[in-house]
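Following: one structure in C-alpha cells, then a few remarks.
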C-alpha cells in the first residue's frame with residue numbers, strides 16, 4: 001500500500017510551489033497535502049500553491065473546501081492543472097489559473113563530492129517555494145523570501161535580507177556560520193541547533209549566527225571589533 005505522503009510531490013516553480021498528485025481518491029490526496037503542510041508549516045507560510053491533479057474530477061465544493069483550508073494556513077491556491085475538462089472548468093469558475101510555467105530544473109542541484117572551501121554562488125533573490133541544497137558553502141547576493149529554504153553542509157552568507165529558512169552545517173558541522181545584512185528569518189539552523197523566529201528589526205544591521213561555547217545558536221553584529229548579542 002502506498003504511503004500517504006507519497007501521494008503528493010511538492011517542488012518549487014517560478015511562481016511558488018507545485019503540488020503534483022498521484023492517482024488516488026481525492027480525500028487521500030487532499031489529506032496527504034495537508035499532512036505535508038502541517039509537518040512543515042513554517043516553510044509553507046505565505047506560499048502560493050498550484051496543483052496538478054491529473055485526471056481527478058473535482059467539483060466546486062471540493063475545491064472551495066480545500067482553498068479555504070489552505071487560506072487558514074496562510075497559503076494561496078492560485079492554479080489547478082488537470083486533464084479533466086470538468087475540473088478545469090471548476091477551477092476557472094473559481095478564478096483559478098489552469099496553466100503555469102514549468103518547474104525550474106536548476107533549483108535541484110546534483111550532489112557531488114566537494115571540498116570544504118567550495119561555494120555555490122547565487123546572484124538573485126530566492127523566492128517562496130524554492131529549496132536550494134548544496135554540499136558546501138552557499139553565497140547569495142539577493143534576498144531569501146518567506147517560504148524559501150536554503151540548506152548547506154557548510155556556511156551560508158546572504159548579501160541581502162533573510163525572511164525564509166536557512167540550515168547551515170546540515171551534516172552536523174557546528175563550526176559553520178550564517179551571515180546576512182538583515183537576519184530576520186522564519187528559522188535558522190546550524191547542525192541540529194535551531195533558533196526561534198527572529199522578529200524584523202526597525203534598523204537592521206549585518207549579523208552573524210554561530211554556535212557559542214555553551215552550544216547555543218546566537219546572532220551577533222557582523223562587524224570587526226564589535227560584538228553585540230541579539231536578544
- prompt: Does residue 183 satisfy the criteria of being crowded, with 21+ Cβ neighbours inside 10 Å, in contact with a strand residue (DSSP E or B) (Cβ under 7 Å, 6 or more places away or on another chain) and at pLDDT below 90?
  reply: yes
task: Kindly indicate the residue of the range 6-33 that is in contact (Cβ under 8 Å) with a residue 60 or more places away in the chain and either assigned by TED's automatic domain parsing to the domain that holds residue 148 or not in a strand (DSSP E or B) (or both) and also nearest to residue 77 (Cα to Cα) among those meeting that condition.
output: 15
message: Can you confirm whether residue 54 is more than 23 Å from residue 23 (Cα to Cα) and surrounded by 14 or more Cβ atoms within 10 Å (Cβ to Cβ)?
response: no
- prompt: Which ranges mark the helices (runs of 4 or more DSSP H) fully within the range 34-136 that have 3 or more residues being under 24 Å from residue 169 (Cβ atoms), modelled with pLDDT under 90 and out of contact with any helix residue (DSSP H, G or I) (no Cβ under 6 Å at 6 or more places or on another chain)?
  reply: 41-44
- prompt: If you go through the range 130-139, how many residues are in contact with a strand residue (DSSP E or B) (Cβ under 7 Å, 6 or more places away or on another chain) and surrounded by fewer than 21 Cβ atoms within 10 Å (Cβ to Cβ)?
  reply: 4
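The values are calculated or read from the model by the stated rules, or taken from the named source; none is laboratory data. What you see is a predicted model, and the numbers here were worked out from it, not measured in a lab. Note that each Cβ is placed from the backbone with ideal geometry, even for glycine, and that neighbours are counted across all protein chains shown.
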